[in-house]
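Data first, discussion second: the structure below is written as structure tokens.
The values are calculated or read from the model by the stated rules, or taken from the named source; none is laboratory data. Please read these numbers as outputs of a predicted model, since none were measured by experiment. Note that each Cβ is placed from the backbone with ideal geometry, even for glycine, and that neighbours are counted across all protein chains shown. We work out accessible area using only protein heavy atoms, side chains counted, and drop any ligands, DNA or RNA first. Shrake-Rupley method; radii C 1.70, N 1.55, O 1.52, S 1.80 Å.
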Amino acid sequence: MQLDHYVHTLGYHLKQKYQTRVRKLSIDAQFTCPNRDGSIGRGGCTFCNVDSFAKPQGQIPIAQQMLERQGELKHKNISYLAYFQAYTNTYAETEVLQRLYDEALQEPNVLGLCVGTRPDCVRDEVLLLLAQYQSQGKEVWLELGLQSSSDLTLKRINRGHDFAAYRATVRRAHDFGLKVCTHLILGLPGESSDDYMRSLNDVLEIGVEGLKLHPLHVVQGSSMAKAWQAGRLDVLGIDDYVAQAVRLIQHTPPEVIFHRVSALAQKPMLLAPDWCSDRWLALTQIAKLLSEQGGQGIALQKEWQKLEQLTAIAV
Ligand code: SF4
């Protein structure tokens with residue numbers, strides 16, 4: 001069952017746009033994070049252990065990392081987006097960022113950049129740099145970790161920023177003409193399905209071009225690992241996650257592009273839930289449920305139809 005029959009996926013979007021298969025290649029450019037080094041906070045977000053993002057790359061040059069990642073992919077003859085993923089990929093002087101981004105962009109078959117960062121760490125200078133790449137014809141995405149729109153939850157997970165910081169940065173990014181992809185986590189402590197829906201609606205209200213959904217997964221070295229090991233933290237079961245993710249996808253307008261709808265992490269780094277170690281498990285079930293109940297945007301469509309009927313009756 002193919003997910004992109006029911007979801008506007010990044011893979012589908014890029015295939016239509018560039019007439020070729022495009023994959024993201026994860027890069028660890030050895031950034032750090034202001035929520036770890038004391039500039040904003042220490043200890044980082046409670047779910048974070050950066051080693052779980054990708055294989056630790058040490059000081060491996062970007063070109064070599066990309067070559068190795070390409071070698072791991074099953075499909076050949078495809079194009080790539082250089083995905084600056086680990087830690088906070090705008091947390092350096094602009095000249096340093098430009099050198100690193102340029103290094104990735106000069107590799108063969110690289111169509112553009114995805115830059116993952118925190119909402120409170122994106123200077124106008126960096127937005128301008130990204131906008132310049134975009135105006136040169138590069139595919140550029142600014143990926144913002146938000147995780148939840150609830151300030152209470154953001155405080156609880158030690159994000160070190162609030163929702164207002166996210167809102168302000170999205171508006172500035174849009175002023176520069178950039179596309180934003182927002183990350184949301186389902187299953188954060190103290191949250192339930194109403195909170196997930198509120199986060200989605202808050203993000204949609206501001207406006208966003210892309211979304212990334214994933215379940216809370218507990219990884220070694222994170223603060224949450226200790227809570228989970230002590231039995232003080234629950235994670236979502238696969239059925240629950242699938243139902244929640246499907247509901248959010250059905251409430252998302254069709255033009256919004258999903259970069260991801262689940263998570264993958266490898267053991268022994270992954271502690272829980274086990275099902276996150278299988279790339280396809282949740283994806284298959286999400287696609288199946290969407291095929292049975294209707295795909296992306298169906299819930300909005302039904303709400304609009306209901307409104308139209310009510311308006312017709314009123315007239
Ligand atoms: S999740 Fe991102 S912002 Fe939070 S500590 Fe890790 S690298 Fe920093």
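Structure data summary
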| read-out | value |
| --- | --- |
| Candidates per GluC sites (Glu not before Pro) in the range 1-109, loop by DSSP, up to 16 other Cβ within 10 Å | Glu93 |
| Size of charge dipole - the range 1-159 - debye, nearest 20, with Cβ of Lys, Arg +1 and Asp, Glu -1, no other charges | 540 debye |
| Per residue value of the accessible surface for the chain (all protein chains in place, 1.4 Å probe), Å² | 47 Å² |
| Cα-projected label distance for Glu72 with Asp4, points at 7 Å along beta-carbon direction, nm | 2.1 nm |
| Stokes-Einstein diffusion coefficient of the chain, Kirkwood radius over Cα pairs, 37 °C, 0.692 mPa s, in µm²/s | 162 µm²/s |
| Cross-link partners of Lys24 among lysines (Cα-Cα below 17 Å; sequence separation of 8 or more within a chain) | Lys15, Lys55, Lys74, Lys76, Lys138, Lys179, Lys212 |
| Percentage, to the nearest whole number, of Cα pairs in the range 65-170 over 15 Å apart | 66 percent |
| Axial C-alpha extent at least 30 Å, average Kyte-Doolittle at least 1.6 - helices from the chain (DSSP) | none |
| Protein accessible area in the chain, 1.4 Å probe - carbon and sulfur % | 50 percent |
| Accessible-area order (highest first, 1.4 angstrom probe) of the listed residues His75, His214 | His75, His214 |
| P(r) of the range 202-315 over all Cα-Cα pairs, binned every 10 Å from zero, in whole percent | 13, 35, 28, 16, 5, 2, 0 |
| Sum of side-chain charges, Ala263 neighbourhood, beta-carbon under 12 Å (Lys, Arg +1; Asp, Glu -1) | +2 |
| Sum of -39500 (n - 2.57) over DSSP H runs of 4+, divided by residues of the chain (222 nm, nearest 500) | -12500 deg cm²/dmol |
| Cα-based radius of gyration of the range 221-265 once divided by 2.2 N^0.38 Å, which approximates compact folds | 1.54 |
